[in-house]
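Enquirer: I have a structure here, written as structure tokens, and I will follow up with some questions on it.
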Amino acid sequence: MRGNRGPSRELPEEGTRQLDLVLLHHSLQFAPSRWKEVRGRLGPGRPQTVTLPVPGHTGEAVIDHEARHYRENRDLFHQHLHAETLFMTGSAKVFRDTARHFLDVARNGPGYVPVHPSYPHFCTELHSNDGILVDAREIHIE
């Protein structure tokens, strides 16, 4: 993904960098340190078109925002940076609770730039006060 033209024509803000993103369920127990080796064995791939599901009604009542801030909360994203790739590992619950962020970028991002050429930037953010990140202040996804 880093090899593709960036989603924005602007230069990245100072202190930021473009990374590939890999989402992993924690039960896979994949070691990010092995990523460079695995990626090296991957072929060039082939373009595919997918149909994204219609957004479901997760409803705010389903997400227990208070429980996210308990010390015992295990439904958090753990971030690991290796070989220019951000690995976000978590439980099914944290993926379910945050799926709307990733789907929003995938669904609306590609069509946003042609319609808004004066501001070609579509993004979402995960914040530390959301109670879903273990050790990051913020993750900005374009």
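Enquirer: Any chance you could count how many residues in region 123-132 are open to solvent by 40 Å² or more (accessible area, probe 1.4 Å) and of a type outside the set (Asp, Glu)? It would help to see each step written out before you state the result.
Expert: Of the residues in region 123-132, the ones open to solvent by 40 Å² or more (accessible area, probe 1.4 Å) are 123, 125, 127-130.
Next, from what is left, pick out any that are of a type outside the set (Asp, Glu): 123, 127-129.
Counting residues in region 123-132 that are open to solvent by 40 Å² or more (accessible area, probe 1.4 Å) and of a type outside the set (Asp, Glu) gives 4.
Enquirer: If we scan region 2-24, do we find a residue that is open to solvent by 70 Å² or more (accessible area, probe 1.4 Å), outside any loop (DSSP other than H, G, I, E, B), at negative phi and at pLDDT below 75? Spell out the reasoning first.
Expert: Narrowing region 2-24 to residues open to solvent by 70 Å² or more (accessible area, probe 1.4 Å): 2-5, 9-18, 23.
Going one step further and asking which of them are outside any loop (DSSP other than H, G, I, E, B), we end up with 23.
Now drop any that are not at negative phi, which leaves 23.
Those left that are additionally at pLDDT below 75: none.
Looking through region 2-24, none of the residues is open to solvent by 70 Å² or more (accessible area, probe 1.4 Å), outside any loop (DSSP other than H, G, I, E, B), at negative phi and at pLDDT below 75.
Enquirer: If you scan region 25-48, which residues turn out to be open to solvent by 100 Å² or more (accessible area, probe 1.4 Å) and hydrophobic (A, V, I, L, M, F, W, C)? Can you show your working first?
Expert: At the first step, the residues of region 25-48 found to be open to solvent by 100 Å² or more (accessible area, probe 1.4 Å) are 28-29, 34, 36, 41-42, 44, 46-48.
Across region 25-48, the qualifying residues are Leu28, Leu42.
Enquirer: Also, I was wondering about something else. Of the residues in region 96-121, how many are open to solvent by less than 50 Å² (accessible area, probe 1.4 Å) and closer than 15 Å to Leu52 by Cβ?
Expert: To start, the set of residues in region 96-121 that are open to solvent by less than 50 Å² (accessible area, probe 1.4 Å) comprises 97-99, 101-102, 105, 109, 111, 113, 120-121.
So of that shortlist, the ones also closer than 15 Å to Leu52 by Cβ come out as 99, 101-102, 105, 109, 111.
Looking only at that region, the number is 6.
Enquirer: In region 119-142, which residues are aromatic (Phe, Trp, Tyr) and without any contact (Cβ under 8 Å) to a residue 24 or more places away in the chain? Walk me through it before giving the result.
Expert: We begin by selecting, within region 119-142, every residue aromatic (Phe, Trp, Tyr); these are 119, 122.
Within region 119-142, just Tyr119 meets the criteria.
The values are calculated or read from the model by the stated rules, or taken from the named source; none is laboratory data. Computed from a predicted structure; not experimentally measured. A quick note on method: Cβ atoms are made from the backbone with ideal geometry, for glycine too, and the neighbour counts reach across all protein chains shown. In case anyone asks, the SASA skips ligands and DNA or RNA and just uses the protein heavy atoms, side chains included. Shrake-Rupley method; radii C 1.70, N 1.55, O 1.52, S 1.80 Å.
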